[in-house]
Amino acid sequence: MRVIEIPPSLDYRNVETLYSAVESGETGPVLFDARRLEWTDPNGMLALLAAGRVAGEGGTPPRISLPERREVVGYINRMGFARAAAEIFSPPPREAGRRPARSSDVLLEITPITTNSDVHAAVDRVQSRAGAILSRSLRYPAAAVVQFSVILSEVCQNIVEHAEGSGWVAAQAYNWARRLGRHVAVIAVCDLGRGFRASLEEGHSARFADRWGDATALEAAFLLGLTRFPDTGRGQGIQQIRKQVARWNGLLSIRSGTARIADAPSWSRNPPLEEKLAGFPGAQINIILPERTGE
Amino acid sequence: MSDRSGLHPGGRSGIDVSAIVRDALASPHADLVTRPTGRAVRKAIEARIAPSRPPVSVSLVDFTRVRVIDFSCADEVVAGLLLRHLPPGRPRDAFFLFRAVEEVHGHAVGEVLARHGLAAVCTFGGGRFRLVGSASRGERAAWSVLERRERIRHCDSASLLGPGGRALLGRLCERRLAYRDSAGGSAALTALARTLRDRDPPGSQRSAQ
């Protein structure tokens with residue numbers, strides 16, 4: 001059995017280790033060893049689910065060893081990890097650990113997105129709880145819950161309309177005391193669909209000729225607002241998310257295939273474009289919104 | 001019957017979008033999200049203005065009880081409605097006014113209008129309407145004068161708006177941001193709405209929907 005060791009900290013900065021480990025193409029049973037995991041964010045949890053699903057494509061469902069620390073298990077289960085993982089790992093992970101009735105920092109538990117109804121359900125859930133978190137932790141104005149819901153809706157629709165496959169979304173607020181000295185809200189979206197390159201290929205690859213690839217496809221969608229749909233009104237989602245995230249001085253990155261593109265604020269070390277990453281199906285979107293500092 | 005704008009409006013409908021969303025989704029909350037939802041809402045609005053309407057109608061599309069509207073939905077509902085009723089081959093002679101809450105809906109509505117090069121007559125509370133979206137400075141100025149005066153006769157357009165006034169009013173009428181009456185004069189869409197409100201109280205108007 002191949003063992004993929006999960007690092008003690010798994011978040012948006014090092015999920016590449018997971019994608020690389022899965023990319024190797026080796027078949028046979030896989031164990032995701034998360035016993036040492038001490039910290040993860042929505043990006044890390046969704047990456048674990050996605051990597052598990054890819055590892056299981058050979059026919060043998062992967063296994064997972066949950067974190068040894070009960071509070072870590074409690075924390076990931078508070079985000080609905082065990083429930084989502086039950087469909088991917090065998091045996092399904094138990095919902096062990098301490099699980100508070102409802103944590104105030106959970107904006108949205110890991111939620112499968114397959115249909116437009118799922119998008120409605122996710123927006124509905126966020127509306128009922130995000131207002132207090134955004135205003136209390138991030139010091140955003142009361143109306144920010146609307147923009148936050150719009151961002152969530154648009155990123156989830158990206159799965160339904162473009163990926164042609166299912167995915168997940170999750171969002172949580174944290175205190176990034178050491179890293180940024182501020183609270184942040186993190187939205188992660190992950191699908192295992194056909195990715196940006198395949199989605200745009202038929203309509204747009206010719207104009208880019210031999211430059212066409214994962215990075216060019218991301219640039220076309222991210223910077224130029226191109227979509228596979230011919231209507232003028234299409235392609236606004238990502239553009240509008242970029243504008244709103246920039247207004248909040250946030251980080252937005254989209255990974256698809258072997259590339260990642262980002263709008264990175266000054267507090268982030270994300271490069272604007274990364275290429276030649278490990279090949280991974282679908283698209284992964286990461287949004288980090290920092291607390292307002294009163295500037 | 002002639003209203004005070006000198007028009008013969010066919011009717012004004014107040015269309016509560018939140019009620020349409022709740023009916024369509026069987027949900028207690030009115031969240032206008034996802035493109036299919038927007039498409040369904042647009043079709044429901046069109047179905048409401050379609051049956052046995054007189055030649056001209058003005059509909060007030062009311063978003064005020066909608067909790068959230070995303071760009072896909074705003075594109076389908078606002079831009080979609082206007083685009084469908086803009087060309088000469090439009091399904092009916094329908095005009096639209098929009099009522100919304102600026103902090104909740106204003107941004108999405110403004111962005112989709114600008115993206116399509118459209119403008120719309122909107123109120124964000126307080127009863128004052130304004131032109132939102134893509135319009136030239138001259139169009140905005142002409143629209144403001146027309147909105148204030150409610151109606152401008154053809155022969156008065158140059159004196160009120162300057163030498164290019166007729167062309168500007170003509171452009172507003174082409175863009176369905178004003179109404180061209182049979183005598184060649186122009187009327188503000190809100191004037192029609194006000195006339196009908198006086199003639200037909202909002203309660204009875206809504207219950208008739």
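The values are calculated or read from the model by the stated rules, or taken from the named source; none is laboratory data. The structure presented is a predicted model; accordingly, all values stated were derived computationally and were not measured. Using ideal geometry, Cβ is built from the backbone for each residue, glycine included, and neighbour counts are taken over all protein chains shown. Ligands, DNA and RNA are excluded from the accessible area calculation, which covers all protein heavy atoms including side chains. Shrake-Rupley method; radii C 1.70, N 1.55, O 1.52, S 1.80 Å.
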Using a simple spin-label model with points 7 Å from Cα along the Cα→Cβ vector, what separation in nm is obtained for B:Ser182 and A:Glu23?
7.3 nm
Applied in sequence order to the stretch B:113-128, the curve 6.51 cos²θ - 1.76 cosθ + 1.60 (Karplus, θ = phi - 60°) yields integer Hz couplings, x standing for Gly and Pro, of 5, 4, 4, 8, x, 9, 9, 8, 8, 10, 10, 10, x, x, x, 8
Mind listing the phi-derived Karplus ³J(HN,Hα) values for the stretch B:58-71, rounded to whole Hz, using 6.51, -1.76 and 1.60 with θ = phi - 60°, and x for any glycine or proline?
10, 10, 9, 8, 9, 9, 4, 9, 8, 5, 8, 10, 8, 5
If each K or R counts +1 and each D or E counts -1, the residues other than B:Ala44 whose Cβ falls under 12 Å of its Cβ total +1
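So if R0 is 25 Å, what FRET efficiency would A:Ala142 and A:Asp105 give, r being the distance between their Cβ atoms, rounded to the nearest 0.05? Intermediate values should be presented prior to the final figure.
Numbers: r = 19 Å, r/R0 = 0.75.
For R0 = 25 Å, the calculated efficiency reads 0.85.
Net charge within 15 Å of A:Phe208 by Cβ-Cβ distance, Lys/Arg positive one each and Asp/Glu negative one each, not counting A:Phe208 itself? Intermediate values should be presented prior to the final figure.
Working: positive: A:Arg197, A:Arg207, A:Arg211, A:Arg228; negative: A:Glu201, A:Glu202, A:Asp210, A:Asp214, A:Glu219, A:Glu275.
Charge balance near A:Phe208 sits at -2.
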Looking at chain A as a GNM with Cα springs under 10 Å, which of A:Leu31, A:Leu218, A:Leu46 has the largest mean-square fluctuation?
A:Leu31
Once both label points are put 7 Å beyond Cα along the C-beta direction, the B:Ser144-A:Thr232 separation in nm becomes 2.6 nm
Ignoring ligands, DNA and RNA, what percent of the 1.4 Å accessible area of the protein assembly as shown is carbon and sulfur?
49 percent
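Only helical DSSP H runs with n ≥ 4 go in: add -39500 (n - 2.57) per run for chain A, normalise by residue count and round the 222 nm mean residue ellipticity to 500 deg cm²/dmol. Don't skip to the answer; put the middle values down first.
Details: 9 runs with 107 residues, N = 295.
-11000 deg cm²/dmol, from helical runs alone.
Counting Lys and Arg as +1 and Asp and Glu as -1, what is the net charge of the other residues whose Cβ lies under 15 Å from the Cβ of A:Trp168? Spell out each step's value before the answer.
Details: positive: A:Arg53, A:Arg83, A:Arg125, A:Arg255; negative: A:Asp41, A:Glu87, A:Glu109, A:Asp118, A:Asp191.
Combined, the nearby Lys, Arg, Asp and Glu give -1.
So, for the stretch B:9-134, what is the accessible surface per residue at a probe of 1.4 Å, expressed in square angstrom?
Values: 4330 Å² over 126 residues.
Heavy-atom accessible area per residue stands at 34 Å².
Does chain A come out rounded, prolate or oblate by the C-alpha gyration tensor, with a ≥ b ≥ c the root eigenvalues, rounded set by a/c under 1.5 and, if not, prolate when a/b is larger than b/c and oblate if not? Before the final figure, lay out the partial values.
Working: a/c = 1.58, a/b = 1.07, b/c = 1.48.
Oblate, because a/c is 1.5 or more while a/b does not exceed b/c.
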Quick one: what are the phi-derived ³J(HN,Hα) couplings along the stretch A:200-208, Karplus 6.51/-1.76/1.60 with θ = phi - 60°, whole Hz, x for glycine and proline?
9, 4, 4, x, 10, 5, 4, 5, 9
Nearest 5 is fine: what % of DSSP beta bridges in the stretch B:9-134 come out antiparallel, could you say?
25 percent
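Go ahead and run the numbers for FRET between A:Glu275 and A:Glu57, Cβ-Cβ distance against an R0 of 25 Å, rounding to 0.05. Mind showing how you got there, number by number?
Details: r = 25 Å, r/R0 = 0.99.
After rounding, the FRET efficiency stands at 0.50.
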DSSP beta bridges in the protein assembly as shown: the antiparallel percent, rounded to 5, is 65 percent
Ignoring ligands, DNA and RNA, how much accessible area is buried between chains B and A, both sides summed, with a 1.4 Å probe, to the nearest 100 Å²?
2000 Å²
Quick check: residue separation of A:Arg35 and A:Ala209 times 0.36 nm, minus the Cα distance between them. What number comes out in nm?
58.0 nm
Express the accessible area of chain A per residue in Å², computed with a 1.4 Å probe while the remaining protein chains stay in the model.
41 Å²
With N set to the residue count of the protein assembly as shown, report its C-alpha Rg divided by 2.2 N^0.38 Å to two decimal places.
1.12
Going from most exposed to least, what order do B:His116, B:His29, B:His85 have by accessible area with a 1.4 Å probe?
B:His29, B:His116, B:His85
For the full complex of protein chains and a 1.4 angstrom probe, list A:Asp124, A:Asp33 by accessible area with the highest value first.
A:Asp124, A:Asp33
With all protein chains present and a 1.4 Å probe, the order of B:Arg99, B:Arg84 from largest accessible area down is B:Arg84, B:Arg99
Please list, ordered by chain and number, the residues whose modelled amide H lies under 5 Å from the amide H of A:Leu107; skip anything fewer than 5 residues away on the same chain.
A:Ala171, A:Gln172, A:Ala173
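So in chain A, what percent of DSSP beta bridges are antiparallel if you round to the nearest 5? Provide the component values of the computation, followed by the final result.
Values: 37 of 46 bridges.
Looking only at bridges with both residues in chain A, the antiparallel portion is about 80 percent.
Rounded if a/c is under 1.5, else prolate if a/b is larger than b/c, else oblate: which is the stretch A:179-295, with a ≥ b ≥ c the root eigenvalues of its Cα gyration tensor?
Values: a/c = 2.25, a/b = 1.70, b/c = 1.32.
Because a/c hits 1.5 or more and a/b exceeds b/c, the stretch A:179-295 counts as prolate.
Can you work out the FRET efficiency for the pair B:His29 and A:Val3, with r the C-beta to C-beta distance and R0 = 30 Å, to the nearest 0.05?
0.05
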Need one word for the stretch A:108-147: rounded, prolate or oblate. Basis is the Cα gyration tensor (sqrt eigenvalues a ≥ b ≥ c); a/c below 1.5 gives rounded, then a/b vs b/c decides.
prolate
Quick one: which residues, 5+ away or cross-chain, put their amide H under 5 Å from the amide H of A:Asp33? H built at 1.01 Å from N.
A:Ile4, A:Glu5, A:Ile6, A:Ser65
Tell me, how many Å apart are the Cα centres for the stretch A:114-186 and for the stretch A:238-257?
13 Å
